[in-house]
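Notes for the one structure printed next.
The values are calculated or read from the model by the stated rules, or taken from the named source; none is laboratory data. Just so we're clear, the structure is a prediction, and the values are computed from it rather than from any experiment. Here the Cβ positions follow ideal geometry from the backbone for every residue, glycine too, while neighbour counts run over all protein chains shown.
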């Protein structure tokens, strides 16, 4: 094919160049930014949606999250609850539980929810980041001793974006105080009579209901006290010569002890040695 003049050739070449440039531009053009895309962030367990913007407007986030409520329900042991240890034990395997609900308006950005529980300042459960806003419930047991304890639950709801890391967080906390007790009281103090036998201190008392043995303590002058147990209701100290007095340098304490090893209040008797 022959062209009559060079001007025609130049027009054709220009048209071909324009066609090539147009084709390359269409081939390399980005995808429609208005199309919703899902990004899986496996390292943080957060799924995020791109809404065709390089940034989520914080005002838009705040407006959409204005109807969010986070509520903790069913936290147990409940506030003021008293738990009894089993007979013969000083601890209890206490059951605990906590639940959280999340109420949300329609959102155009991703969210995650989380529930954490502490007992006496130690974390006992963490659900981790749960995608969406499902109701969360956790429960378990923990061995606790006699005394005062606390259980605290914290529920969090986070509105997150990627990759800008813009966050708005709603959370709720609740703390309950409860007590673990031993319902079995120790036996009362025995009614001790202080006399002498051949110049030696003699202690006698009647049997105490609930007592299986008696704990005696002897203290003389500045010497370290000596403690022992016995089942009889009489004690004669053949190592001492003394008389009963209101004030003295020789002291005896007698306590009733039950089957759980609990000692009641002591009965105290004084002697003066000679």
Look at segment 205-222 and say how many of its residues are over 22 Å from residue 185 (Cβ atoms), modelled with pLDDT of 95 or more and surrounded by fewer than 12 Cβ atoms within 10 Å (Cβ to Cβ).
-> 1
Would you tally the residues in segment 204-214 being within 17 Å of residue 269 (Cα to Cα) and out of contact with any strand residue (DSSP E or B) (no Cβ under 8 Å at 6 or more places or on another chain)?
-> 1
Evaluate the following for residue 107: is it assigned to a loop (DSSP other than H, G, I, E, B) and modelled with pLDDT under 85?
-> yes
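How about segment 84-96: which of its residues are surrounded by fewer than 17 Cβ atoms within 10 Å (Cβ to Cβ) and at pLDDT 95 or above?
Selection gives 93, 95.
To keep it simple, each residue is scored yes or no on (1) within 30 Å of residue 259 (Cβ to Cβ); (2) at pLDDT below 80; (3) surrounded by 12 or more Cβ atoms within 10 Å (Cβ to Cβ).
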position	(1), (2), (3)
55	no, yes, no
69	no, yes, no
74	no, no, yes
111	no, yes, yes
In the set 229, 217, the lone residue that is in contact with a strand residue (DSSP E or B) (Cβ under 6 Å, 6 or more places away or on another chain), over 18 Å from residue 194 (Cβ atoms) and assigned to a strand (DSSP E or B) is 229
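Considering only segment 113-139, how many residues are in a strand (DSSP E or B) and surrounded by 15 or more Cβ atoms within 10 Å (Cβ to Cβ)? It would help to see each step written out before you state the result.
Taking segment 113-139 and keeping what is in a strand (DSSP E or B), we get 113-119, 122-126, 130-131, 136-139.
This time we only want the ones that are surrounded by 15 or more Cβ atoms within 10 Å (Cβ to Cβ), so: 113-119, 124-125, 130, 136, 138.
So the count comes out to 12.
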Cβ pairs under 8 Å, 6+ apart or interchain, first in segment 234-262 and under 18 Å from residue 214 (Cβ atoms), second at pLDDT below 95 and not in a loop (DSSP other than H, G, I, E, B), ordered by first then second residue, are 255/263; 256/263; 257/263
Residue check: is residue 256 part of a loop (DSSP other than H, G, I, E, B) and at pLDDT 95 or above?
-> no
